[in-house]
Amino acid sequence: MVQRIRIRYAKRGPLRFTSHRDFARAFERAVRRAGVPIAYSQGFTPHPKISYASAAPTGTASEAEYLEIGVQTEVDPGDLVKALDAALSPGLDVLDAVVAGPGPGLADRIDASAWRIELPGVPTEAAAAAVAAFLATPEVPVERLTKQGRRSFDARGAVVRLTVGAGGTAGEAAGVPAPSEVTGVPCAILDLVVRQTNPAVRPDDVLSGLRVVADLEPPVPPRVTRLVQGTLTASGEIVDPLAADRDQVAIAER
Amino acid sequence: MSVASVFPRLEQLLPRVSKPIQYVGGELGAVVKPWESATVRWALMYPDAYEVGLPNQGVQILYEVLNERPDVLAERTYAVWPDLESLMREHGVPQFTVDAHRPVGAFDLFGVSFSTELGYTNLLTALDLAGIPLDSAERTDAHPIVVAGGHAAFNPEPIADFVDAAVLGDGEEAVLEITGIVRDWKAEGSPGGRDEVLLRLARTESVYVPRFYDVDYLPDGRIQRVVPNRPGVPFRVHKRTTTDLDQWPYPKKPLVPLAETVHERYAVEIFRGCTRGCRFCQAGMITRPVRERSIETVGQMVREGLKFSGFSEVGLLSLSSADHSEIGDICSGLAEQYEGTNVSLSLPSTRVDAFNVTLAQELSRNGRRTGLTFAPEGGSERIRRVINKMVSEEDLIRTVVTAYTNGWRQVKLYFMCGLPTETDADVLQIARLAHEVIRSGREASGSRDIRCTVSIGGFVPKPHTPFQWARMERPEVIDERLRQLKQAINGDRSLGRAIGYRYHDGEPSLIEGLLSRGDRRVGAVIRRVWEDGGRFDGWSEHFSYRRWVDAAAAVLPGYGVDLDWYTTREREQSEVLPWDHLDSGLDKDWLWQDWQDALGEYEQEDCRWTPCFDCGVCPSMDTEIQIGPTGRKLLPLTPVNSGLRVPV
């Protein structure tokens, strides 16, 4: 292995129903179709060197998923993006790639996510009231079925920010492709920033929290998109986990 | 007139069902065309879950053949699981295609491929969800023409009420011919409506339209005759045969799913047809004659199929793959090309023969030698003569010993239970054979770390085979034999420990037998089972024997027959069989003679290497055996590089 490449990709539209396992299989095939000189692990059953940062839940769209691959010969990240994107189904879109530099690994650069939650059929005022109630409550216990069985945990503590957007119609959230083909339905839009915790608080946990504190019951399933993942700064910004690698490349080129 | 996607409505339901990705489409190789661009539109269905249906070769081939035509569009649909079915009913979402999520009811033709009769209830679910009346007779010009295909369509009588037409045999050319007839009829302004287009199809003599045939019964319940009730409708409908497989190198662009499916590989059919003559095997009887795909075309398909799909496994498919006249060169050629890559090659459906171990060795250059599978099918030499599976015990032992000494640790052996003339002793021989396999294997390999799995399937007599007249054994008898066999295998603790044992209960086979050899009266049973909630009958967790028995008991006595009459009753030579008017090319007299030979324990040779024995197919279908060797080579000879370097 001569190089490690970090890649950002998106899960959009209908293909947001791709599970992480499904994506991993599709990505391995895309690597072969694109002719990427992927490195393999040693041993009896060699596996391609691909590792994933925390993946968005099945059914949730994302503009910011990350993975890292190892290659046997040097590749140009820009060409890699094009080749991999062409080899994946539309809706699984490769957006960015950088050569991994020194410093902390991907996982260590991700401790928060920003999500957009569209609630078709929910009036903005009702959402705003529920959000206010949620934020005013110091602890909001919710339940979820995890691999360890049914667990109860606090959905409030991990929430860094929760705001109600201007509202409008589904499918036109600023600069973000609509996660679905539904357009023109009035809906409330929530912007959520969550710190990574254990167990992870996911958007559906926050929605459960809104149900707990304010009986907010969306008439149809909400549509959720992860917009950003990265390091949370003191000022509440989320730093792109590929930025550090990109800066190093820039320094090296200078 | 355009047709709206149902996806916006479906999408609301998907977060509430298991594995939603199976309903989303988006496969590589999938084709979505504008609705208006096509004059003829097909919805193709494999009537099982997506994970089983997607890899189906038949549907993939027809999908590609149809979509290559600029004025034709084809989309796919699969059986939805009960969780989604109930939500679709609740929210009024119709059966949809996965390609563009268009309602199935909007298409001109609805083609359903039946590999097994156990998909019949799923057909009814799909029709009902699509808003298509279950009864063919109640459909109007607004409804698609429902066409059945696949092996089960060689006796479509049990679903005669539910389908408008059935096609026997190879589909590549048949779908295009049907498309042409429908296209012309539509261009003329659909004169005479549904009846007229069905009549035009029937007059080709290769599309069976059940409504144009009347079935008369004798007082004892047997069929008296099946006759056309319209002028110009042929007395017999003939199967289709695609000759020259090199002209039809499909699938070129295999569908690569996002969801996990039962086969994740690029499959290339290296030949079609089989004349080994196993008497239980419907596939081997109805797909004659043998037509090989040339080594060059196989090589090209593998190369391009892998490049297109990114699959890392290749399956060389056929009914008996090692019988290809150039299989040695194909295997060594491919093994050479892909040596050192992560591509693995597999050769399913091989016969019991040491040569196959050599082939498997070639193919496993890259990978592991985990398991080899052989199918002696019968436990005793006697029963193997009855079924015409010409494998001696010596062959079998030699073959598995070769496998064990060459590094394979695991051998799987397939057998059947319930075969004609079978006794307890025939089945118990399986235990002795398995013991011998382990004993010889341990001795030859010098290792105790070897295993053998014995897998038993239930015999089901099928139409157009020499066993079409045979009686089925009762489930209780089958289950008792299987119990005794288990005991016998474990009778020797040391050997039994190395033997795995898998089997199916006799009950599902009996129902499959009812559906395989059923006539139009069985349609009422299928409908009742479906109304009673029957779905996914090929899945043991969904299949209910009780439901079928109850439905049969409620419906069949009205016709003076019962479940036993269809299953455990032996037929006489003179009986009119429900599929006699459907011509697979096999001469009924020859089939009867072969049945008598089975009872007399006489074997039948393979006509590829011995003179023709007059099964009737070639002259009646105007076909011939197409086999090599061609003497040509798998091109190119240069190894394929795994890493196409991306320039820096």
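The values are calculated or read from the model by the stated rules, or taken from the named source; none is laboratory data. Given the structure is predicted, the values throughout are model-derived calculations rather than measurements. A quick note on method: Cβ atoms are made from the backbone with ideal geometry, for glycine too, and the neighbour counts reach across all protein chains shown. Side chains are part of the model used for accessible areas, which takes the heavy atoms of the whole protein and leaves out ligands, DNA and RNA. Shrake-Rupley method; radii C 1.70, N 1.55, O 1.52, S 1.80 Å.
With the full set of protein chains in place, find how many percent of the accessible area of chain B is carbon and sulfur; take the probe as 1.4 Å.
49
Rounded to the nearest 5, the antiparallel percentage of DSSP beta bridges internal to chain B is 20%.
The residues of the range B:324-374 present an accessible area of 38 Å² per residue when probed at 1.4 Å with all protein chains retained.
Computed from the C-beta positions of B:Ala187 and A:Asp79 and an R0 of 45 Å, the FRET efficiency is 0.40 to the nearest 0.05.
Of the solvent-accessible surface of the range A:3-100, computed with a 1.4 Å probe over protein heavy atoms with every protein chain present, carbon and sulfur atoms account for 50 percent.
Compared with its chain on its own, the range B:283-313 contains the following residues whose accessible area drops by 50 Å² or more in the full protein assembly (probe 1.4 Å; ligands, DNA and RNA excluded): B:Gly310. At 1.4 Å probe size, with every protein chain present, just tell me what the per residue accessible area of the range B:126-171 comes to in Å². Heavy-atom SASA per residue in the range B:126-171 reads 24 Å².
The B:Asp395 and B:Ser574 beta-carbon pair, evaluated with R₀ = 41 Å, returns a calculated FRET efficiency of approximately 0.55.
Interface burial in the range B:14-28, defined as at least 10 Å² less accessible area with all protein chains than with the chain alone at a 1.4 Å probe, covers B:Leu14, B:Pro15, B:Pro20, B:Ile21, B:Val24, B:Gly26, B:Leu28.
Using the alpha-carbon centroid of each, what span in Å lies between the range B:71-115 and the range A:189-241? Between the Cα centres of the range B:71-115 and the range A:189-241 lies a distance of 35 Å. The C-alpha atoms of chain A define a longest principal axis, and helix A:124-136 lies at about 80 degrees to it. Excluding ligands, DNA and RNA and using a 1.4 Å probe, chains A and B jointly bury around 2900 Å² of accessible surface, summed across both partners. For the range B:521-555, applying the loop criterion from DSSP together with a ceiling of 16 other beta carbons within 10 Å to the chymotrypsin sites (Phe, Trp or Tyr not before Pro) yields B:Trp539. For the range A:96-149, the set of GluC sites (Glu not before Pro) satisfying both a DSSP loop assignment and a count of at most 16 other C-beta atoms within 10 Å is given as A:Glu139. Residues whose amide H falls under 5 Å from that of B:Arg293, counting only those 5 or more places apart or on a different chain, are B:Phe271, B:Arg272, with hydrogens built in the peptide plane. Among beta bridges from DSSP that stay inside the protein assembly as shown, the antiparallel ones total about 55%. Quick check: from the Cα gyration tensor, does the range B:453-595 come out rounded (a/c under 1.5), prolate or oblate? It comes out oblate by the Cα gyration axes. Taking a ≥ b ≥ c as the square roots of the eigenvalues of the alpha-carbon gyration tensor, the range A:20-110 is classed rounded because a/c is under 1.5.
Relative to one another, the C-alpha centroids of the range B:556-601 and the range B:158-217 are positioned 27 Å apart. Taking every protein chain into account, the accessible area of the range A:1-154 amounts to 41 square angstrom per residue (probe 1.4 Å).
Amide hydrogen proximity for B:Leu317: with H placed 1.01 Å from N in the peptide plane, the residues at 5 or more positions away or on another chain lying under 5 Å are B:Val268, B:Glu269, B:Ile270.
In the range A:2-33, burial by the other protein chains removes 50 Å² or more of 1.4 Å probe accessible surface, compared with the chain on its own, from A:Phe17, A:Arg25, A:Arg29, A:Arg32, A:Arg33.
Against the main long axis of the alpha-carbon atoms of chain A, helix A:20-33 sits at an angle near 30°. Using a/c under 1.5 as the rounded threshold, could you call the range B:597-637 rounded, prolate or oblate? The axes a ≥ b ≥ c are square roots of the C-alpha gyration tensor eigenvalues, and prolate needs a/b larger than b/c, oblate otherwise. In terms of gyration-tensor shape, oblate. DSSP assigns beta bridges within chain A; of those with both partners inside it, close to 95 percent run antiparallel. Residue-wise HN-Hα couplings along the range B:380-385, as the Karplus relation 6.51 cos²θ - 1.76 cosθ + 1.60 with θ = phi - 60° gives them from phi, are 10, 4, 4, 5, 5, 5 Hz; Gly and Pro carry x.
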